[in-house]
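Right, one structure below, let's go through it.
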Amino acid sequence: MKKFLIYVCTTFGLAVILMIVSRLSVEFSEWYARNVYPVLVGTLGRVFGIFPCSVYELLIILLIVAGIAGIGLFVFAMIRFKRVENFEDFKSKRKTLLKRIGVSLSCALSTLALILTANYAVNYNRHTFLHGEAANFNEPTELERLQIFLTLLDEFYTVFPDEETLYSLITTDENGVFVLTEDLRVSAPAAMRKLAEEYPRLDVYFPPPKPFIFSELTSDMGLLGMFSPITMEANYNNIILDSEKATTALHELAHVAGIMRENEANFISFLAGRASDSPELFYASYLYVFGEVRSYATKEVYEQLPKHYQDLLDGFIEKSVAEWQLQPWYDEESGQWRGLDDEEEEQIKVIEYLDLLPDQIKIDMDAQSEWWWNRFINTTYVYDDDGEVIDEIFESNEVVQAISIISSEINDAHLKFQGHEDGIQAYWGTSALVMALYLELI
C-alpha cells in the first residue's frame, strides 16, 4: 500500500508542479515545448501511428466496457460477500475490496493527470504563435482589410488563374462539390513538415491523421476532429465534406506540434495548406480562409487603394461581373460605383467579398453550410398533386441539438480552464491572425 501511495503522490505531484511552473513562466513552457515535448511526440506518435484506426477511440470504448464490467463485478462481489455467515468477515472483505478499487482508481487518475499535463496542458502556456509579429497588432482599417482580402484572392488566382487550370488540379463530384483524391495520411503530414522548415517551432514528428470510427456521433457533437494527448493521434471526422476533412487534419496536426490554442491551430492549418505542394490542400485552405476574412469595397475605400490594388480589384470584378444579378457594380465610363437600378436608393453601393470569389469556392461554401444545416435540421417537403414541391417544413433535430449543446458546454469549460478566456469563441479568432500576418505584406 505504501508503494502505491508513493506512486500516486509522485505522479500527481509532478503534474501539479508542471502545471504551476508552466502557468507562472512562459519561458519554461516554451523551453519544454521545444525540448521535451518533441521527444514525447516522437515516441508515442510513432508507436500509436502504426495502428490504422484511432487507438484513442478504442481506449475510450475499452474504458466504458471496463467501467460497466467493474460495476457489475463490484455488485456481484457485494452479493457474494453478504452470504458469508460471519458479519465481521464480510466487513473485512468489503473493506479490502473497496481499498483495492480506491488504490487502482487513484493510480489511474494520477497517471492520467501527469500524461495530460506533460503532453498537453503545458503547451497552452507557451508563447503565442505570432507573439513577435502580432505584438503590436491593431484591428485593420477597411482599406487594409480590403487590401488583405485582395492579396489572398490574388494568391489563389496565381495558382488557379482560370477554370481550366482549377479543374485540372482539383476534382469535384456529380454535384460539383470538391472531393479529395489524395491520401490525407500522406499529404497532411508532408504539408506540416514543409511548413516546419519556415517555422522551426513546429518541427516535431507528425503521425498520419486518422478518421474517427464513430464519425456519426462526433458529427452530432459538432466535432470536426480531435487531438489525443494520450496517444498523440490527430483524428478527424470522416463523414464531413472533404474540404473540411483536409483543413481539420491539418488543424489537429498543429495540435500535435504543440500548438494548443484553437485559433492558432486554424491559422496554422491555413499556412500549411498554403505552403504545401498539394493543390487540393491549397484549395481547401483558401476556401476556409475566404470564409474567415471578409471584406468589401465602397467607392471611398476604392479611391484610397494604391494603384496595384485598384488594378487587382478591377481584374477580379471583370472575372465576376458576368455572374452578378442585381448587385452593385463599377461603371467604367462614369468611374462610379452604382446599382443597376437607380431607384433602389436603399441598396448599399458596395462590392461584397462573395461577388469576387470564383464559382467553385461559392459552391463549396454553400455545400458546407447545407451539410451542417441538414445535420441539425429535419426538412419535410410538401408536394402538390403533380409532384411539385409547394412548401418546406423545418424542424430542429432535438436529439442532435441536445448532444451538440452538451458537447459545446464541456468544450467551452475545458478551454476556459486551460486559459482560453473566450472559450469556444476562440475557434473564430483566426481572421485576426491572418490579418496580423498579411499586414506585414501589404
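Let's see how each residue does on (1) of a type in the set (A, V, I, L, M); (2) outside any helix (DSSP H, G or I); (3) under 30 Å from Leu281 (Cα atoms); (4) at pLDDT below 80:
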| position | (1), (2), (3), (4) |
| --- | --- |
| Tyr302 | no, no, no, yes |
| Tyr309 | no, no, yes, no |
| Gln325 | no, yes, no, yes |
| Tyr330 | no, yes, no, yes |
| Leu340 | yes, yes, no, yes |
| Ile361 | yes, no, yes, no |
| Met365 | yes, no, yes, no |
| Thr379 | no, yes, no, yes |
| Val382 | yes, yes, no, yes |
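Does segment 217-226 include one or more residues that are at negative phi, within 17 Å of the chain's Cα centre (by Cα) and at pLDDT 95 or above?
No; the residues of segment 217-226 include none that is at negative phi, within 17 Å of the chain's Cα centre (by Cα) and at pLDDT 95 or above.
Is there a residue in segment 264-285 that is touching a residue at least 24 places away in the same chain (Cβ under 8 Å), within 10 Å of the chain's Cα centre (by Cα) and under 20 Å from Ser369 (Cα atoms)?
Yes: one or more hits.
Which of the residues spanning segment 37-60 are more than 19 Å from Arg185 (Cα to Cα) and surrounded by fewer than 13 Cβ atoms within 10 Å (Cβ to Cβ)?
Val39
In segment 172-186, which residues are touching a Leu at 6+ places or on another chain (Cβ under 8 Å) and within 12 Å of Tyr283 (Cα to Cα)?
Phe178
Working only within segment 174-204, note down all residues that are surrounded by fewer than 19 Cβ atoms within 10 Å (Cβ to Cβ) and under 24 Å from Ile60 (Cβ atoms).
Listed by number, the list holds a single entry, Arg185.
So how many residues does segment 230-248 have that are closer than 26 Å to Ala113 by Cα and crowded, with 22+ Cβ neighbours inside 10 Å?
Of segment 230-248, the ones closer than 26 Å to Ala113 by Cα are 230-236.
Still in the list and also crowded, with 22+ Cβ neighbours inside 10 Å: 231-236.
Number of matching residues: 6.
In segment 167-217, what residues are touching a helix residue (DSSP H, G or I) at 6+ places or on another chain (Cβ under 9 Å) and among the β-branched types (Val, Ile, Thr)?
Of everything in segment 167-217, those that are touching a helix residue (DSSP H, G or I) at 6+ places or on another chain (Cβ under 9 Å) and among the β-branched types (Val, Ile, Thr) turn out to be Ile170, Thr171, Thr172, Val177, Val179, Thr181, Val204, Ile213.
Go through segment 213-244 residue by residue and tally those that are in contact with an Asp or Glu (Cβ under 9 Å, 6 or more places away or on another chain), of a type in the set (Asp, Glu) and in a helix (DSSP H, G or I).
1
For residues in segment 245-290 being among the β-branched types (Val, Ile, Thr) and in a helix (DSSP H, G or I), which is modelled with the lowest pLDDT?
Our first condition is that a residue be among the β-branched types (Val, Ile, Thr); within segment 245-290, this holds for 247-248, 256, 259, 268, 289.
When the remaining residues are screened for being in a helix (DSSP H, G or I), the result is 247-248, 256, 268, 289.
Working: Thr247: 96, Thr248: 96, Val256: 96, Ile268: 95, Val289: 92.
Residue satisfying both the conditions and the ranking: Val289.
The values are calculated or read from the model by the stated rules, or taken from the named source; none is laboratory data. Bear in mind that the values here come from a model prediction, so they are computed numbers and not experimental data. So basically every Cβ, Gly included, is an ideal-geometry build from the backbone, and we count neighbours across all protein chains shown.
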